[in-house]
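Here the structure is laid out as structure tokens; the discussion comes afterwards.
Bear in mind these aren't lab numbers, they're just calculated from the coordinates by the rules spelled out. All values derive from a computational prediction rather than experimental measurement. Quick reminder, even Gly has a Cβ in these numbers, built from the backbone with ideal geometry, and neighbours come from all protein chains shown.
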Amino acid sequence: VPHPIGGVAEETVARKAASVVDDVLAALTRGGGGAAAAAGPAEPEASPHQAPDDLLDFQGFMMERGWGDGLPMIPATPERVASLLAGTRRPPGDLVAVLPPRLGRATVERVAVNAVLAGALPEHLPVIVAAVEAVGQPAFNLQAVQTTTHPCSPLVIVNGPLAARLGVNGGGNALGQGHRANAVIGRALRLVLQNVGGARPGREDRATQGHPGKYSYCVAENEAASPWEPLSVERGFSRETSTVTVCASESPHNINDHGSATPEGILTTVAGTAATVGSNNIYLGGEPLVVLGPEHAATVAGGGWSKADFKRALWERARVPLSRFDPSNVERFAVIHPAGFRDRPADTLVPIAREWSDIMVVVAGGAGKHSVFIPTFGATRSVTQRIEE
Amino acid sequence: MMHAMEILDPVGSTQAMSRALAPRPASLQGGVIGVLDNSKPNARVLLEGVARALAARVGARDVRVWRKPGASIGASAPVLDEIAAHCEAVLTASAD
């Protein structure tokens, strides 16, 4: 049935329904029942390929097969993969995760193949393996994250001493280009999701637009510049333990505040940027992410506020009046989130998350009066995973 | 002339099982047609519209509708079992 189905008059949908009745009847009564292959494993473990050794030809070879992201790749020769595997103690055949929608078996070796393609070095592999393990946890809801029309991609947040040792940038331009560790860790995870997980862009990956972070999306928390406990410590790990946290994230949206000298001032600007109508989190729940620049964080903490104080205050302040939603959306959201939207007065203020503690706050970036707000997919929880070095 | 190099496969094996489609009923006359609404806007309008038209065409006894709690969450096993126990055919869809 041709799109769109939502957002059009019911009579239009009814006409579309009428137009497919014959086809549906045929499929139900004369379809190939029992004609498909007998149940069994779909394919054996893959064997190596012969690829052209000229780099430009190799790039074409990879793109033709749907194995690339568009950028140049390093050929995953057996020698390069073996050398990358030296970066982990885990055996190559260990299963890290089974990744939907393809239910691809992400073994340590298969992760390493994609990590080579992404330009990773052996020391990056444990972080990449931990990120793959994290997105494979049920709470992450990877099936939906991989196939949704929503523009989201797992943001990998690295905490602990390993971040500095590997040079994962959490300082100036933390979410931008120019740092190998950030670039290759995020890119390797994306290639694993696309190739092993089978989320091919425009096919299983149904993103309406997607966003640039789908090439690579990795950042370190700037723990040295943070006045508060790191994300990993909030999640029950020690400061000495290195972790990755993955959250199915939109692109960053800037929060410019050059004027405020008080926690309340920063709060006003962050809340004003975060409280928007067209957000998944506002009706689906989940965990919107605030990445505070160190200078904003210092201003907030300088007023005596803990990280939890800031989250509570933001949850109270960052609200959208119900009157700003179109009635058709209120009707729809009332089904999904009755407590927030069903039979509520027009002056109801809708929070950006279900609970104050759902708001994630990390500190990253360098000098400057900017923070960023990153909404998430909604039907997903972030997952923090210890990195096994 | 192209020189070849060996590279390892980036895709690997899958745990997905290939499955045969369920045997098709010879007739839906007197049967129950189920609908699993994925909860997206107008999904029920579309699916129930098709189901009711089908039911009228083939002389089905009833149309029954189930609804997923959200489009991004799979139907639970008990719901799937219930649908299987009550229906001769079921319609569902994935889209917006």
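Using amide H atoms built in the peptide plane, which far-off residues or other-chain residues are under 5 Å from A:V361 H to H?
For A:V361, the qualifying residues are A:V290.
Under the Karplus relation 6.51 cos²θ - 1.76 cosθ + 1.60, θ = phi - 60°, what is the ordered set of whole-Hz ³J(HN,Hα) values for region B:52-60, x standing for Gly and Pro?
Per residue, the Karplus-derived 3J(HN,Hα) values read 5, 5, 4, 4, 5, 5, 9, x, 6 Hz.
Projected onto the charge dipole of the protein assembly as shown (+1 at Lys/Arg Cβ, -1 at Asp/Glu Cβ, origin at the Cα centre), which of A:P91, B:V58, A:T243 gives the Cα projection farthest towards the positive end?
B:V58
Which one, A:W67, A:P78, A:T273, projects farthest toward the positive side of the charge dipole computed for the protein assembly as shown from Cβ point charges (K/R +1, D/E -1)?
A:T273
Kindly rank B:27-33, A:270-276 from highest to lowest mean number of other beta carbons found within 10 Å of each residue. Working shown, then result.
Values: B:27-33: 16.9, A:270-276: 19.9.
Going by the mean number of other Cβ atoms within 10 Å, highest first, we get A:270-276, B:27-33.
So for the pair A:L71, A:N254, with labels modelled 7 Å out along Cα→Cβ, what separation do we get in nm?
2.2 nm
Could you give me the radius of gyration and the Dmax of region B:12-96, taking only the C-alpha atoms into account and expressing both in angstrom?
14.2, 48
Which whole-number percent of Cα pairs in region A:244-331 have a distance greater than 14 Å? Display every interim value, and only then the final one.
Values: 2603 of 3828 pairs.
Everything past 14 Å amounts to 68 percent.
Could you work out how much longer the chain between A:W356 and A:N173 gets when fully extended? Use 0.36 nm per residue separation minus the Cα distance between them, nm to one decimal. Let's see the in-between values first.
On the way: separation 183, 0.36 × 183 = 65.88 nm, distance 2.82 nm.
Residue separation times 0.36 nm, minus the Cα-Cα distance, leaves 63.1 nm.
Could you identify which residue out of A:P351, A:P101, A:P201 has the top mean-square fluctuation in a GNM of chain A using Cα springs shorter than 10 Å?
Comparing A:P351, A:P101, A:P201 in the GNM, the peak value goes to A:P201.
What do you get for trypsin sites (Lys or Arg not before Pro) in chain B restricted to DSSP loop and a cutoff of at most 15 other Cβ within 10 Å of the site's Cβ? If you can, show how the numbers build up before the last one.
Details: sites: B:R19, B:R44, B:R52, B:R57, B:R61, B:R64, B:R67; in loops: B:R19, B:R61.
Those that pass, being in a loop and sparsely packed, are B:R19, B:R61.
Take every residue in peptide B:44-51, count the Cβ atoms of other chains within 10 Å of its Cβ, and give the average of those counts. Numbers along the way, then the final one.
Working: counts 1, 11, 9, 5, 2, 9, 11, 3.
Mean shielding by partner chains, rounded to a whole number: 6.
Sort the following peptides by mean Cβ neighbour count (other Cβ atoms within 10 Å, averaged over residues), highest first: A:329-339, A:254-264.
On the way: A:329-339: 15.7, A:254-264: 14.0.
Highest mean packing first, the order is A:329-339, A:254-264.
In whole Å, largest first, what are the principal axis extents of the Cα atoms in chain A?
Between the extreme Cα coordinates on each principal axis of chain A lie 63, 60, 36 Å.
Just the number, please: percent antiparallel of the DSSP beta bridges in chain A, rounded to the nearest 5.
Numbers: 26 of 34 bridges.
Just about 75 percent of them are antiparallel.
At what distance in angstrom do the alpha carbon centres of region A:104-158 and region B:43-96 lie from each other?
A separation of 34 Å, based on Cα centres.
Scan around A:T107 for amide H atoms under 5 Å from its own, H built in the peptide plane at 1.01 Å from N, and keep only partners 5 or more places away or cross-chain.
Under 5 Å from the amide H of A:T107: A:V96.
Using the crude model of +1 on Lys and Arg Cβ and -1 on Asp and Glu Cβ, and no other charge, please compute the dipole size for the protein assembly as shown relative to its Cα centre, in debye to 20.
Working: 43 positive and 47 negative charges, 189 e Å.
Its charge dipole is roughly 900 debye.
Under the Karplus relation 6.51 cos²θ - 1.76 cosθ + 1.60, θ = phi - 60°, what is the ordered set of whole-Hz ³J(HN,Hα) values for region A:71-84, x standing for Gly and Pro?
With the stated coefficients, region A:71-84 comes to 7, x, 10, 8, x, 8, 6, x, 5, 5, 5, 4, 5, 5 Hz.
Given the C-alpha centroids of region A:301-332 and region B:1-28, what is the distance between them in whole angstrom?
One Cα centre to the other: 46 Å.
Which order do the peptides A:237-250, B:3-16, B:68-81 come out in when sorted by mean C-beta neighbours inside 10 angstrom, highest first?
Working: A:237-250: 22.0, B:3-16: 18.2, B:68-81: 14.4.
Listed from highest to lowest mean packing, they are A:237-250, B:3-16, B:68-81.
Using the Karplus equation 6.51 cos²θ - 1.76 cosθ + 1.60 (θ = phi - 60°), what ³J(HN,Hα) coupling, rounded to whole Hz, does each residue of region A:339-351 give in order, writing x for Gly and Pro?
Residue by residue, region A:339-351 yields 4, x, 10, 7, 6, 9, x, 4, 8, 4, 9, 8, x Hz.
Pull up all non-local amide H partners of B:V90: gap of 5 or more, or a different chain, and H-to-H distance under 5 Å with H placed in the peptide plane.
Counting only residues 5 or more places away or on other chains, the set is B:G34.
Mind checking which lysines have their C-alpha under 21 Å from B:K40, skipping anything on the same chain fewer than 8 residues away?
Filter leaves A:K16, B:K68.
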